Amino acid sequence: MLSKSPFVLSFLLLLSLPLLFVLGPRILPPKTLPSIPDPDEIDDLALFRRATLASDGGGGVGAGAGFRRRPPSPPKIAFLFLTNSDLSFAPLWEKFFEGHGRLMNVYVHADHAARLHLPPTPSFRGRFIPAKATQRASPTLISAARRLLAAALLDDRANAFFALVSQHCIPLHSFRFVYHAILAGAGAPPSSTSGGRLRRRHRSFIEILSGNPILRDRYNARGKNVMLPEVPFELFRVGSQFFILVRRHAVLVVRDRRLWKKFRMPCLKSMKNSCYPEEHYFPTLLDMQDPNGCTHYTLTRVNWTGSIGGHPHTYRPPEISGDLIRELRKSNSTYSYLFARKFSPDCLDPLLEIADTIIFRD
């Protein structure tokens, strides 16, 4: 009967369309990797707006519990720790920070899934910012870095440099060496103020590379040409995830909406091995906005020899020595590397053994 009634068949097909829209996404596997949840994005936009307004208007609003406005002070370095596991090297960083509290602040973004078993040392205590979940091969790592920048901008107007590091990073020099290297180096051509005086502008230490043979695959990781028109391929860049930004660039990052709407798009599952948004967003944004204000290289040393699955070489305790530290400091630029990664947690004791005699003895 039904086969002889095209009207009834059409009517049933029409009724089934809403069911396909509702059940289809649950039945068919998604073609993209997970995206950023809308509630997280809404929270971030509110945070970034506060950070931008505070930096523009001079008013400071607390970024979270324990943060407060402070009186004027010398320029500070904000150390931004991005972690999804224990802060295994906190004791080493504590020795690095010791006696220099007036010149630095610490901020930690710990993934909710991180199981922090080690009690934080004094410099890390109370320095955890409100965090969201992070995931490899997704823009959530960009969002986490932007949250750290926003929290540091809101917390202390003396924060002049923003160093992003991970739980696997270690310092390669004393704090005094690092502080003076960052403040004395990275000089950019002076700019004129409204009164005609020349003002020295510091540059950000961020790696910015073009011409990489795999750059086209990374550009198309979200789909062919979906980055247009905001990000044409010839302006797409790659660089290390870890950087040291000057304050004006930190503000530029948390203020950005135009490029973010492209980089927040999830990658295609089929392009997962080419999806490293955190290695592209910051170099591309800063190269498009202020290329002369960046050094185009990073001060964090990473050994990619024999990398596995996109992860760099991980140093183990038998490799720890004074010779290794001295080798890791070497750089092709005029500046020594200041930090290095990636170290396994059980490297802490051998690193502490050479901390005073080698690492912090410049």
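In µm²/s, what is D for the range 71-166 at 37 °C and 0.692 mPa s, where D = kT/(6 pi eta Rh) by Stokes-Einstein and Rh is the Kirkwood radius from Cα pairs? Estimated diffusion coefficient is 239 µm²/s. In plain terms, if you count all Cα to Cα distances in the range 71-121 and split them into 10 Å steps from zero, the share in each step is 22, 49, 24, 5 percent. Judged by the gyration tensor of its Cα atoms, with axes a ≥ b ≥ c, the range 214-343 is oblate; a/c meets the 1.5 cut and b/c is at least as large as a/b.
Relative contact order, whole percent, for the range 298-343 stands at 53, derived from Cα pairs under 8 Å and 6 or more residues apart. Does the range 129-184 come out rounded, prolate or oblate, given a ≥ b ≥ c as the square roots of the eigenvalues of its C-alpha gyration tensor, rounded meaning a/c under 1.5 and, failing that, prolate meaning a/b above b/c? Note, shape of the range 129-184 comes out oblate. Summing Lys and Arg as +1 and Asp and Glu as -1 over all other residues whose Cβ lies under 11 Å from the Cβ of Cys275 gives a net charge of +2.
Taking other residues whose beta carbon is less than 10 angstrom from the beta carbon of Cys169, and scoring Lys, Arg as +1 and Asp, Glu as -1, yields +3.
For the pair Phe233 and Asp43 in one chain, pulling the backbone fully straight at 0.36 nm per residue adds 65.3 nm over the alpha carbon distance. Rolling a 1.4 Å probe over the heavy atoms of the protein chains gives the range 295-360 an accessible area of 51 Å² per residue. Label sites at Asp346 and Thr334, each approximated as a point 7 angstrom past Cα along Cα to Cβ, lie 4.4 nm apart. Mean sequence separation of contacting Cα pairs (under 8 Å, at least six apart), scaled by the length of the range 209-310, corresponds to a relative contact order of 38 percent.
The order of the peptides 142-148, 272-278 by mean Cβ neighbours within 10 Å, most packed first, is 142-148, 272-278.
In this structure the range 75-179 gives 32 Å² per residue of accessible area when probed at 1.4 Å with all protein chains present.
Within the accessible area of the range 244-318, what % is carbon and sulfur when the probe is 1.4 Å and the other protein chains stay in place? Present the calculation step by step, with values, prior to reporting the outcome.
On the way: 1680 of 3260 Å².
Of all accessible area on the range 244-318, carbon and sulfur atoms account for 51 percent.
Highest mean packing first, where packing is the average number of other Cβ atoms within 10 Å per residue, the peptides 231-237, 33-39, 133-139 line up as 133-139, 231-237, 33-39. What number does the range 270-316 give for Rg over Rh if you use C-alpha atoms and the Kirkwood radius? Dividing the radius of gyration by the Kirkwood radius yields 1.06.
The values are calculated or read from the model by the stated rules, or taken from the named source; none is laboratory data. None of these values were measured; they are calculated from a predicted model. All Cβ positions, even for glycine, are placed from backbone atoms using ideal geometry, and neighbour counts span all protein chains on display. Side chains included, ligands, DNA and RNA excluded: accessible areas come from the protein's heavy atoms. Shrake-Rupley method; radii C 1.70, N 1.55, O 1.52, S 1.80 Å.
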